[in-house]
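Notes follow the structure.
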Amino acid sequence: MSTEKNNPVDHKMIKELLDEKKSKMKLSLAACASCSLCAESCFMFNIYDQKPEYMPSYKVIKSLGVLYRKQGKVSRQTLEKMGDLVWKNCVLCGRCYCAVGIDIPEMLAFTRMICRSQGVDGVYPHNLGAPPAECEALGSEN
């Protein structure tokens, strides 16, 4: 375990980062109509049996939405869960379509930046040395 993971979360730094993009990000969060069009265009959502944690709007609301709602006052454990959500469940391919023009990849990238500022880095599943079992199973069906 790295020493950064043992350090307390710098809530002030997170709040400052959130404040830099507050109007745009809060407007985008409020504009989400939960229509699920973004999910239909997300290949990861479709590959992983349409599990909610792969839905682009879910990832944004459960990460950046939580950060704004709690004004950056989150625990390290919460940040680590967010890190898993925005790295392992998203490749930032930009395919997530939003009918009202919400820039979902920008919001997820912003969440990643906030997590990184606290020493929480994500890992894509394929970076672990082997594809996840789900991918291996998909490959063997063809």
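The values are calculated or read from the model by the stated rules, or taken from the named source; none is laboratory data. If you're wondering where the values come from, they're calculated on a predicted model, not measured in any experiment. Glycine gets a Cβ as well: all are built from the backbone with ideal geometry, and neighbour counts include every protein chain shown.
In a residue-by-residue description of the range 46-59, the property of being aromatic (Phe, Trp, Tyr) and surrounded by 19 or more Cβ atoms within 10 Å (Cβ to Cβ) applies to at least one position.
A search for C-beta distances below 8 Å between a residue of the range 11-23 that is farther than 20 Å from ILE102 by Cα and modelled with pLDDT of 95 or more and any residue that is of a type outside the set (Ser, Thr, Tyr) and in a helix (DSSP H, G or I), counting only pairs 6+ apart in sequence or on different chains, returns ILE14/LEU67; ILE14/ILE114.
Looking for something in contact (Cβ under 8 Å) with a residue 60 or more places away in the chain and under 13 Å from VAL66 (Cα atoms) - is there at least one such residue anywhere in the range 100-107? Checking the range 100-107: at least one residue is in contact (Cβ under 8 Å) with a residue 60 or more places away in the chain and under 13 Å from VAL66 (Cα atoms). Here is the figure for the range 26-50: residues that are in a loop (DSSP other than H, G, I, E, B) and either of a type in the set (A, V, I, L, M) or in contact with a Gly (Cβ under 7 Å, 6 or more places away or on another chain) (or both) total 1. Within the range 63-77, not a single residue is under 18 Å from PHE43 (Cα atoms) and in contact with a Leu (Cβ under 8 Å, 6 or more places away or on another chain). Looking only at residues of the range 77-93 that are assigned to a helix (DSSP H, G or I) and in contact (Cβ under 8 Å) with a residue 40 or more places away in the chain, we find that the one that is surrounded by the most Cβ atoms within 10 Å (Cβ to Cβ) is LEU79. Taking the range 51-76 as the range and being in a helix (DSSP H, G or I) and free of Cβ contacts under 8 Å to residues at least 40 places away in the same chain as the test, the residues that pass are PRO52, GLU53, TYR54, TYR58, ILE61, LYS62, GLY65, VAL66, ARG69.
For the range 23-38, which residues satisfy the criterion of being within 12 Å of ILE104 (Cβ to Cβ) and surrounded by fewer than 20 Cβ atoms within 10 Å (Cβ to Cβ)? Listed by number, the residues that qualify are LEU29, ALA31, CYS32, LEU37.
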